[in-house]
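Here is the structure we will look at, set down as structure tokens.
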């Protein structure tokens, strides 16, 4: 896996502009912050994000992958300001689960998610060498 960082571009914080990789592709559908029994244990944005990331890592492990194999994350959030206000705590939770691996990422504010209690949904793409 190679991070794509054009010369002269400012280094992004907490994500990569692009990644090139080859291997087995893994596509993980959007994960919300509920547990294995589809129960939300918290209404807290950071807590739901933590669980969504744990869900992604758990699914990826089924393919033999690890967090460092993730090449792309797309975040769907229902409240942009809540997402921004939690940036420090989100960074801490992210590094706890994903380490210091920062794939290409996009965050999109949406009016709602299919699961009414969900505050965030994250989908992932990974490449296992």
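No lab work stands behind these numbers, since they all come straight from the coordinates. Just so it is clear, the structure is predicted and the values come from calculations on it, not from any experiment. Because the Cβ atoms are built from the backbone with ideal geometry, glycine has one as well, and the counts that use them run over all protein chains shown.
Just to be sure before I move on: is residue 57 over 19 Å from residue 16 (Cβ atoms), part of a helix (DSSP H, G or I) and either touching a residue at least 40 places away in the same chain (Cβ under 8 Å) or out of contact with any strand residue (DSSP E or B) (no Cβ under 8 Å at 6 or more places or on another chain) (or both) in the structure I sent?
no
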For segment 102-114, what are the residues that are touching a strand residue (DSSP E or B) at 6+ places or on another chain (Cβ under 7 Å) and surrounded by fewer than 15 Cβ atoms within 10 Å (Cβ to Cβ)?
-> 106, 108, 109, 110
Taking the residues in segment 41-54 that are without any contact (Cβ under 8 Å) to a residue 40 or more places away in the chain and assigned to a helix (DSSP H, G or I) as candidates, determine which candidate is farthest from residue 84 (Cα to Cα).
-> 51
Could you tell me whether any residue of segment 60-68 is in contact with a helix residue (DSSP H, G or I) (Cβ under 7 Å, 6 or more places away or on another chain), surrounded by 13 or more Cβ atoms within 10 Å (Cβ to Cβ), without any contact (Cβ under 8 Å) to a residue 40 or more places away in the chain and over 30 Å from residue 1 (Cα atoms)?
-> no
